[in-house]
Each structure stands twice: as C-alpha cells, then as structure tokens.
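The values are calculated or read from the model by the stated rules, or taken from the named source; none is laboratory data. Given the structure is predicted, the values throughout are model-derived calculations rather than measurements. Note that we place each Cβ from the backbone using ideal geometry, even for glycine, and neighbour counts take in every protein chain shown.
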Amino acid sequence: MPVRQLSEAVVNRIAAGEVVERPASVVKELVENALDAGAKRIDVLTDGGGRRLIRVTDDGAGMTRTDLDLSVERHATSKLDGDDLMAIHTLGFRGEALPSIGSVSRLSITTRHGSEPHAWTLTVDAGHKSEIKPAALTQGTTIEVRDLFYATPARLKFLKTDRSEAEAVREVVRRLAMSRPDVAFTLAGEERAPVTWGQAPEQEPLARLGDVLGQDFRGNAIAVAAEREGVRLTGFAGLPTLSRANSLGQYLFVNGRPVRDKVLVGAVRAAYADYLPRDRYPLLALFVEIDAREVDVNVHPAKTEVRFRDGNLVRGLIVRALKDALAREGQRAASTGGGATIATFRPAVAPSRGYDWRRSPARPLPMVQGRSATALGFAEVAQAAFDVGTPSADTAVAKFEPQPDLIEHPLGAARAQVHETYIVSQTRDGLVIVDQHAAHERIVYERMKAAIEKTGVARQIMLIPEIVELDEADAARLVARADDLARFGLVVESFGPGAVAVRETPAMLGEIDVRGLVTDLAEHMAEWDDSLPLERRLLHVSATMACHGSVRAGRRLKPDEMNALLREMEAVPNSGQCNHGRPTYVELKLTDIEKLFGRR
C-alpha cells in the first residue's frame, strides 16, 4: 500500500483519540484553559454525564477575534513564549484540545477580550469551522460541547453510564479545585445537585481541602512542609487511622498540575509503611513546586504524568517530610473514632413510630432466672435488665481513685478495665477507651526500632532450642533471611527439611509463643516479592514480633499497670495507632456524651 498524507479531519480525530478519552477529559482541558486565562470563577455544567452537553464559563481574559480564529487550529497556543518545551509555566501548552474536541462534537466558543468592543462567537461541527460572528458576552469565555463523539459513534460504545461519567467529571473538577483555592468553582448537572467551592481565604490553607475532602479530613489532617535544593513541598496528610481501601484519596500536584506519578505514589507508600498495612492507603493532598526545567510534563498527551530530572531528590523529600509530620502528631488518633463510638450508643429509631422501647437493650426480659416477668415485681424485672454479671476487672480497679494530677495528662487516669481488654481512663474533659493490646504493640514496636538503631536488640538464649516444623519452602525462606532476623534478636537455624531451630529470642518480648511467632513470620515472608524494599521487609519483621510480645487481650491489669501503659503511650511516638493502622484509643469528649443524653 503506498504512503499517503492523511486528511486534516482524520488527523484531528486521531489526536482526539489521544486527548479526549471521555467527557471528563474535555472538562479537564477546558477548565485548565480557563485557569491559564486568569479566571477567578469557573462554572461547569454537564448533561448526560457530559456526552450531551458540557458548558464551561469563566471570567478570564478572553480572546480577541484573531486569537479565536487561531484557537481551533491544531498546535496553535498562547502558552509558549518560544520553542523551549522545558519552560512550561501553564497547565496547557500543546494546542490540541480545542481542535480535537471540535473534530468529534459540536463545539461553540463565545469570548470577549477587554480590548474588543463586543464578544465573538465561533462554532466547529465535526471539524468544520464556521465564520466568526459578533455575540453578546460581558467578560471571559463560554464554551459549549454538544453531542460528544457523535462524529465517531464507535467511541460512544466505550463510555460508561451517565452516572459513572458524571462522577469522573466531578473528580476532575475536585482535583483542579484543590490546586487553586483562589478560584471559585461551581459544578452542576442533572446527575447531581449543584456544588460550589468559594474562594478560600489565604490565611486558611486547609479551607479548600476541607470543603472538597470533607470534615473528617479537615479534623484529622497534619500540615506537611519541607524544602530541599530548590524543591518545595507543602500540603496536608491524614492521620494513619484515617485510611482507605484504595489510593483514590491521594491527591498529588506538581507546579499546580494534578498528576498520577509513580515516584510520588511510591514515596507516599514508603512514608506510611511504618503505620499502615499494604492494603490500606492514606488520605492526603501534597503540592510539589519545582523549577520547570527540572520536570518534564510532556510525556503524556493528557498531561497526567510527569518525569523528574532527579526523582530521588523529590522522593526523599516527600518521605522525610511525611515521616517528620507523622512523628510530630503520632500520638493523635483520628477524631472520627469518637463520633463513630457515640453513634453506636444512639438508640434505634423506627421510621414511622418513633423510638420503640421494646428495641432497647434495657427492656425487661420475658424470663428472669426461670420465673416469668409477670410473676416478679416491677423493680425486680427492671433491675434484672442491668444485671450483667460480675465485673471482669479486678476489684481493686473499682475502688481505685486516681490522683488529681493524673487526670491532667492527655490520656488521663485509669478508672477501670472492661472485659480484660479495654482500659477506661478519665480526662479533664471526657474519657478515653484504650485497646491495651494495640497500644502495647506499638510501644514494643517503637522500642525495638530504637534498639536496632542504637545497639541492636538484646537476645535471650533458650535453654532448649524450640524446633518448629514448617513447609519446606517456608523454612527455606526463614533460613535465607536468618541474618536479618538476627538483627531483631531472633536466631534461627536449619533443622533438616521443613524445620527450623530457634535458639535465641528478643529479650524485650519476654516469654512468647515461639512457634506462633515463627509461623507468622514465615507466612508474611511468603507474601514478599523482590520489589519490596529491604526496609519495608524489616518493618514487617519487627511489627510481627511486637504483636507477639505485647500485652494480650484478656489479661487483667492492675491500676498501676494501666496508668504506666497510658504514660508510655504519651511518651512513645506514633502511639495513636497500632502497627496495622488501627487506632489504639478512642476519645469521647464530655460535651458529646452530654449531647447523647440530651443535656445539650
């Protein structure tokens, strides 16, 4: 087949396939153009998830008649001063968006520049440009995209439902709104109620992020700020206890551009490796500011990926900044825990009949100790509802009166132990419920890390080595990593096929279930792959050991032991969550409890 020159229409549609993947891609390009034009207010309206209508209105600088005529030509842009593609200071620069959109839809542009006496309008229908005509518009630009992909019907088959496409549009606008808190955004459409994000005050950097990501993020975000060798990092990161099952809550920006970069995502995972398991992801919004010549934003047609000249510098900056921020606020647990706890105490309310006392846990029982409720007096039946058996805590706990100075501590003074698992302490303005196993697990873990950094973990020699039988592959993995395990005070040797001999254990763990510890370590190692960094592997080892060496649930603690655990939590970094990312305590403010009982 001979070589031939493609027609302009075909070229534009090929370009559209790279730039315009779905309605959300159109919204992204048009909103970025509005931001580059200096807009301070942007309104986005969609219909049918964007396939029937997309309208973007801004109050930016607008275009002159000449600029409007050129704007729908391929590779025509106002955002590059010269030919240097490494000096890009705007969101758009390729000059492909408008002609690509116009080649697969019915595009209409109405714009007014400050130097023009009136506005101008232009339409592009499946690549066919109309004459420019006068129009009425006070300021800025309004762009309408109707019947997206009608010129390429095959592309319509790849679109999802209107609701799914509308959600993708919403996510695009959310990301751009987070990057520019100085711009007001409105998003509306038949698929949703209108949402408006007003201009955020400069003195409140968390205002826009809180509006977009919700009050939970606002109340549990940690400020992140660092700078190194011309690279500046700012933003907010959520506490480890405020995590999600996917990475969709991670928002990363480079020079104001929302991106999905492997270097940045990997840095976030490395920073949270000490706090979250592999299947949990933090919520955060991080902004990287770097010299335009140190980052290439022209590696993807949709400009969603970037490439750093020195990726290690950026990665190291993010990891260190996040670790410092998390260590600074490590004793905090997510405030959402208290609200969720209060919610569990609220009585169930029937939809139409109001509160039904028969659904209450305190309702009189039909049978009490073998006798019917009617055979008993009212007082006996009522009292039986509160008979929960003998207390699980020591009697000394019930009689224990804490010293007034202990209540002034952040975690207060221990008052009781419930179900031999949870410590209830009283603070000055509320109460705290502590999971004794989770809290002590983090304490042991931090001790082990500190010991490794200084002198290494002290060992205790077993009088009789423990022989643990395993699968041959698991035993081989343990023996292969014997040197790493020895750093943590666990000395293992091969004891024939499918067995290992444990000769020494970490002294700080005391008496432990050696067989259970070795079995758990073998299971964790089976999940590792060669791409997992050595540091992450060692953290898995120490976390597993800490879990086996901590105070177990079901163990009774004396008042002095409970208070000692609370004081250690206040002194140890990162004590707000255990090694698995779960909260170690829940705090209930007195005001919340009063609301529960109708006192407020």
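Of note:
- Residue within the stretch 86-99 that is assigned by TED's automatic domain parsing to the domain that holds Arg22, of a type outside the set (Phe, Trp, Tyr) and modelled with pLDDT of 85 or more present: yes
- Being closer than 11 Å to Ile467 by Cβ, in contact with a strand residue (DSSP E or B) (Cβ under 6 Å, 6 or more places away or on another chain) and not basic (Lys, Arg) holds for only one residue in Val514, Val491, and it is Val514.
Here is a yes/no grid of residues against (1) touching a strand residue (DSSP E or B) at 6+ places or on another chain (Cβ under 6 Å); (2) touching a residue at least 60 places away in the same chain (Cβ under 8 Å):
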site: Val172; (1), (2): no, yes
site: Leu176; (1), (2): no, yes
site: Pro194; (1), (2): yes, no
site: Gln199; (1), (2): yes, yes
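- Subset of the stretch 227-237 that is buried (at least 16 other Cβ atoms within 10 Å of the Cβ) and in contact (Cβ under 8 Å) with a residue 60 or more places away in the chain - its residue that is nearest to Pro277 (Cα to Cα): Ala237
- Residue list for the stretch 156-169, filter: surrounded by fewer than 19 Cβ atoms within 10 Å (Cβ to Cβ) and among the charged types (D, E, K, R): Lys157, Lys160, Arg163, Glu167
- Just one of (1) among the hydroxyl-bearing types (Ser, Thr, Tyr); (2) out of contact with any Lys or Arg (no Cβ under 6 Å at 6 or more places or on another chain); (3) farther than 24 Å from Ala200 by Cα fails for Ser243. It is (2).
- Hits in the stretch 211-228 - residues which are more than 25 Å from Arg170 (Cα to Cα) and not basic (Lys, Arg): Ile222, Ala223, Val224, Ala225, Ala226, Glu227
Conditions (1) exposed (fewer than 14 other Cβ atoms within 10 Å of the Cβ); (2) outside any strand (DSSP E or B); (3) on the phi > 0 side of the Ramachandran plot, marked per residue:
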| position | (1), (2), (3) |
| --- | --- |
| Val432 | no, no, no |
| Arg447 | no, yes, no |
| Ile464 | yes, no, no |
| Val468 | no, no, no |
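- In the stretch 495-510, the condition of being among the aromatic types (Phe, Trp, Tyr) and touching a strand residue (DSSP E or B) at 6+ places or on another chain (Cβ under 7 Å) is met by at least one residue.
- Only one of the numbered conditions (1) β-branched (Val, Ile, Thr); (2) touching a Ser or Thr at 6+ places or on another chain (Cβ under 7 Å); (3) closer than 29 Å to Ala325 by Cβ is not met by Val169, and that is (3).
- Exactly one residue among Thr142, Thr121, Thr110 is touching a strand residue (DSSP E or B) at 6+ places or on another chain (Cβ under 6 Å), surrounded by 21 or more Cβ atoms within 10 Å (Cβ to Cβ) and modelled with pLDDT of 90 or more, and that residue is Thr110.
- Count of the stretch 262-288 residues, restricted to those that are of a type in the set (Asp, Glu) and in contact with a helix residue (DSSP H, G or I) (Cβ under 9 Å, 6 or more places away or on another chain), is 1.
- Residues in the stretch 231-287 that are among the β-branched types (Val, Ile, Thr) and not in a loop (DSSP other than H, G, I, E, B): Val231, Thr234, Val254, Val259, Val263, Val265, Val268.
- Among the helices (runs of 4 or more DSSP H) confined to the stretch 493-600, the ones with at least 3 residues that are modelled with pLDDT of 75 or more and out of contact with any Phe, Trp or Tyr (no Cβ under 8 Å at 6 or more places or on another chain) are located at 514-527, 559-571, 590-596.
- Among the residues of the stretch 128-170, the one identified as aliphatic (A, V, I, L, M), without any contact (Cβ under 8 Å) to a residue 24 or more places away in the chain and in a helix (DSSP H, G or I) is Ala154.
- Scanning the stretch 495-523 for residues that are small (Gly, Ala, Ser) and in contact (Cβ under 8 Å) with a residue 12 or more places away in the chain yields Gly498, Ala499, Ala501, Ala507, Gly510, Gly516, Ala522.
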